[in-house]
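As structure tokens, the structure follows; a few thoughts come after it.
The values are calculated or read from the model by the stated rules, or taken from the named source; none is laboratory data. Since the structure is predicted, the reported quantities are computational estimates derived from the model, not experimental observations. For accessibility, only protein heavy atoms count, side chains too; no ligands or nucleic acids. Shrake-Rupley method; radii C 1.70, N 1.55, O 1.52, S 1.80 Å.
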Amino acid sequence: MFNTDSADRPDTVAVTLDGKSVALPTGMTVAAALFSIGETISRISPSSHKPCSPHCLMGVCFECMMEIDGVQRQACMTEVQADMVIDRHLNDDKGAVS
């Protein structure tokens, strides 16, 4: 799913994802870059407390909301930048399942 052609691998930059250093491809949105490395969960639903994934990838559904550099942003509308800090709050008290 969302694999890039091996002959045309994009450059990557280091970011912090949920407290861990990872390399994300440049030239795409955070949501697409996370999909490309196999990360499909964007957040925990505040109402159902179940994992959510981006749906529309064009800024309409807000299912890709996550904290990027300390601000709640839509990952599908935010381009990957070096040294970003991305926190999906999957394992804390901001909506995660116990």
Item checked: PHE62 - accessible surface, heavy atoms, 1.4 Å probe, Å² rounded to 10 -> 100
Next item on the list: Give the ranking of CYS56, CYS76 by solvent-accessible surface, highest area first, calculated with a 1.4 Å probe.
Entry: CYS56, CYS76
Next item on the list: Enter the accessible area of THR12 (Å², nearest 10), with the probe set to 1.4 Å and all protein chains included.
Entry: 80
Margin query: For a quick check: with amide H placed at 1.01 Å from N, whose amide H comes under 5 Å from MET65's, ignoring anything fewer than 5 positions away on the same chain?
Written below: ALA75
Margin query: Give me a comma-separated list of calculated 3J(HN,Hα) values for the range 80-87, in order, Karplus coefficients 6.51, -1.76, 1.60 applied at θ = phi - 60°, integers in Hz, x for any Gly or Pro.
Written below: 4, 10, 4, 6, 4, 10, 10, 10
Checklist line | Computed accessible area, VAL60, all protein chains, 1.4 angstrom probe, square angstrom | finding: 100
